[in-house]
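Trainee: Dropping the structure in here first, questions after.
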Amino acid sequence: MDAQHLINMDRFPIFEEGENRAALVKQVQADLADDGCAVLKGFASKVGLASMLKEADSVAHKGHKSTGRTNAYFTQDDPCLPHDHPRRQFFDRSNCFVPADNFPPEGPLRSLYENVVFSGFVKNCLQEDAFFPYADPLADVIVNAAEEGNGFPWHFDTNNFTVTLALQNADDGGAFEYAPNVRKGDENFAEVARVLDGSSDLVKTLHLEPGDLQIFRGRYSLHRVTPLSGPTPRYVAIFSWVDQPDMVATPERCKQLYGRVLPIHYERAGLRSDEFID
Ligand SMILES: O=C(O)CCC(=O)C(=O)O
Ligand SMILES: [Fe+2]
């Protein structure tokens, strides 16, 4: 299916240059400027949502289920730091990601990700000059296929810009909570510690519906997905872009999330332009 048909073009005329597209981009830019997150409700068309959900469902069994204790930075414990330092706060993580090499170019999810109009729209919204597809063959387009008991504790993303498309909600849970731009200037450990211990006033909550698109600066905003309950799995497609063309995830994070590490992850380890942890 053409990427155009995956999108609700009446409400989101991203393929037509003109006033309507410009107004839409302006609105999303304003939301992103406000708190690093924008939600485009009902972005997927009805047929688009159905075909992307079908694709997610057909490969959900390829998801890598992983559990562990993870800090917000996906790094190992550092006993030299005080025990209440954010880097030493570990939370139970239990999730299931379908790695990107399960989404072929002809499938709807990768068709959308690789569509130049769609990525151009995301780039315009983010107002970033340095904006590249994520070069990670396991992580550029993935599906978070989480089940009962799964959640994703507080963390920062490796990639700068994340776009998620909600495909199916669990029966309960699965709210998206975030502390907007908490480490925009520096690591801001004091506020990060408050988010982790539940005393921060910054945290916002989103309840996304299937078909909603979320554009998010996940490298700067601490975020989590609350634990799920009920028999229905929660499917969210996650599209990633970065500010550097060759960037991939660290071998450590890759192993945790996808259960595999490729040679490219070792070759390119440590290649990043910012100084943030992980
Ligand atoms: O499932 C989601 O809504 C987002 C999950 C997330 O934060 C991530 O995969 O980094
Ligand atoms: Fe994330």
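Trainee: State whether the range 6-136 is rounded, prolate or oblate according to the following rule on the C-alpha gyration tensor (a ≥ b ≥ c being the square roots of its eigenvalues): a/c under 1.5 gives rounded; otherwise a/b larger than b/c gives prolate, and the remaining case gives oblate. Can you show the working numbers first?
Mentor: Values: a/c = 2.56, a/b = 1.47, b/c = 1.74.
Oblate shape, in that a/c is at least 1.5 and b/c is the bigger or equal ratio.
Trainee: What is the spread of the Cα atoms of the chain along each of their three principal axes, largest first, in whole Å?
Mentor: 55, 40, 38
Trainee: If the elastic network links every pair of Cα atoms under 10 Å, which of D31, D197, D212 fluctuates the most in the Gaussian network model of the chain?
Mentor: D197
Trainee: Related question: Any idea what the relative contact order of the range 59-157 is, in percent, if you count C-alpha pairs under 8 Å spaced at least 6 apart?
Mentor: Numbers: 131 pairs, mean separation 37.7, N = 99.
Computed over the range 59-157, the figure is 38 percent.
Trainee: Which order do the peptides 172-181, 77-86 take when ranked by the mean count of other beta-carbon atoms within 10 Å per residue, highest first?
Mentor: Result, highest mean first: 172-181, 77-86.
Trainee: Now for a different question. Remind me, relative contact order of the chain in percent, using alpha carbon pairs under 8 angstrom and six or more residues apart?
Mentor: Relative CO of the chain lands at 25 percent.
Trainee: Using alpha-carbon positions, what is the distance between the centroids of the range 117-171 and the range 176-194, in Å?
Mentor: Using only Cα atoms to place each centre, the spacing works out to 19 Å.
Trainee: Can I ask one more? For the range 74-217, what class follows from the C-alpha gyration tensor (a ≥ b ≥ c being the square roots of its eigenvalues): rounded when a/c is under 1.5, otherwise prolate if a/b is larger than b/c, else oblate?
Mentor: Judged from the Cα gyration tensor, the range 74-217 comes out prolate (a/c at least 1.5, a/b above b/c).
Trainee: Between helix 19-35 and the chain, what is the angle of the helix's C-alpha long axis to the longest principal axis, kept within 0 to 90° and rounded to the nearest 10?
Mentor: On a 0 to 90 degree scale, this one is about 10.
Trainee: Quick check on my link table: of K65/K123; K123/K184; K184/K255, which ones sit more than 25 Å apart, alpha carbon to alpha carbon?
Mentor: Violating the 25 Å limit, Cα to Cα: K65/K123; K184/K255.
Trainee: For K62, which aspartates and glutamates qualify as cross-link partners when the Cα separation must be under 15 Å and same-chain residues fewer than eight apart are set aside?
Mentor: D101, E147
Trainee: With a/c under 1.5 counting as rounded, go ahead and sort the range 157-278 into rounded, prolate or oblate using the C-alpha gyration tensor (a ≥ b ≥ c being the square roots of the eigenvalues; past the cut-off, prolate if a/b is larger than b/c, else oblate).
Mentor: Judged from the Cα gyration tensor, the range 157-278 comes out oblate (a/c at least 1.5, b/c at or above a/b).
Trainee: Quick one: pull the percent of accessible area on the range 3-267 belonging to carbon and sulfur, 1.4 Å probe, ligands and nucleic acids left out.
Mentor: Values: 5680 of 11310 Å².
Carbon and sulfur: 50 percent of the exposed surface of the range 3-267.
Trainee: Using a cut-off of 18 Å between alpha-carbon atoms, which aspartates and glutamates can reach K41, once sequence neighbours fewer than 8 places away in the same chain are excluded?
Mentor: Counting by Cα, and skipping residues close in sequence, K41 has these aspartates and glutamates nearby: D10, D31, E177, E209, D212.
The values are calculated or read from the model by the stated rules, or taken from the named source; none is laboratory data. Since we're looking at a predicted model, the values are computed, not measured. Heads up, the Cβs are rebuilt from the backbone with ideal geometry, glycines too, and the neighbour counts pull from every protein chain shown. Surface areas here come from the heavy atoms of the whole protein model, side chains and all, with no ligands, DNA or RNA. Shrake-Rupley method; radii C 1.70, N 1.55, O 1.52, S 1.80 Å.
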